[in-house]
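Have a look at the structure below, then the notes.
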Amino acid sequence: MKILVIHGPNLNLLGTREPEVYGRLTLAQIDQKIAATAKTLQVEVECRQTHEEGKILEWIQAAPGGFAALVINPAAFTHTSVAIRDAIAATGIPTVEVHLSNIHARESFRRHSFIAPVAAGQISGFGQESYLLGLRAAVTLASSQSEHSS
Ligand code: DQA
C-alpha cells in the first residue's frame, strides 16, 4: 500500500516559520518521521511540497491507481481552495486533512476548511504528530476500503 502526503504553501519554511505556532522541526525532519512511521506500519509513503495550487490538483487527480490514500496539509489553501476540495471529491481518494496548529483555536478565518467536508476526517493541533496520526488514519481508512471492495 502506498500513501501520498502533500504539504501545501509555506510549509518548506518549517523550522524557522513562527516556531511558537508550528514547532522547530524542519519539513525534512517531519518527512523523516513520516517515513519512519510508514515503515512501522509496513506501507510506502511519498511526501511532496509545493506552493502551487495547480500542482496539488494534478497530484490529486493522478493519485488514484498509484496511491491508496492521501494525507494533506493544504496550509493556507485550506481556507481558500474550492478547487482542491473538488479534486478530492472528483477522485474519491480517501483523504485525511492534517494541520500542525489547532486551526479552530486561531484567527476566525482559519476556522473554516473547504477540505474538511470531503475528507474522512481532520487532525489539527498536534504539531508534527498530526502527520503521524494522519498517516495511521489513512492506512486504516485505505485498509477498510480495500476489505470492502474485495
Ligand atoms: C496550517 C494552518 C493554516 O491556517 C496555515 O495557513 C498554514 C499551516 C497548519 O499546519 O497548522 O500554513 O495548515
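The values are calculated or read from the model by the stated rules, or taken from the named source; none is laboratory data. Computed from a predicted model, the values in this text were never measured in an experiment. Cβ coordinates were reconstructed from backbone atoms using ideal geometry, including for glycine residues, and neighbour counts include every protein chain displayed. Only protein heavy atoms, including side chains, enter the accessible area calculation; ligands, DNA and RNA are left aside. Shrake-Rupley method; radii C 1.70, N 1.55, O 1.52, S 1.80 Å.
Computed values, structure above
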{"item": "Surface share of carbon and sulfur [accessible, 1.4 angstrom probe, percent] for segment 2-143", "result": "52"}
{"item": "Between segment 95-124 and segment 79-94, the Cα center-to-center distance that results, in Å", "result": "14"}
{"item": "Net lengthening on full extension, residue 26/residue 116 (0.36 nm per residue, minus Cα-Cα)", "result": "29.9 nm"}
{"item": "Net charge contributed by nearby residues that have their C-beta within less than 13 Å of residue 85 (K/R +1, D/E -1)", "result": "-3"}
{"item": "Cα centre as origin, Lys/Arg/Asp/Glu Cβ charges: the chain dipole, Debye", "result": "220"}
{"item": "The chain - accessible surface per residue (Å², probe 1.4 Å)", "result": "49"}
{"item": "Residue (of 90, 71, 101) at the positive-pole extreme of the chain, dipole from beta-carbon charges", "result": "101"}
{"item": "Cα-Cα pairs of the chain separated by more than 29 Å (percent)", "result": "9"}
{"item": "Max mean-square fluctuation residue, GNM over the chain, Cα-Cα springs under 10 Å, options 68, 90, 116", "result": "90"}
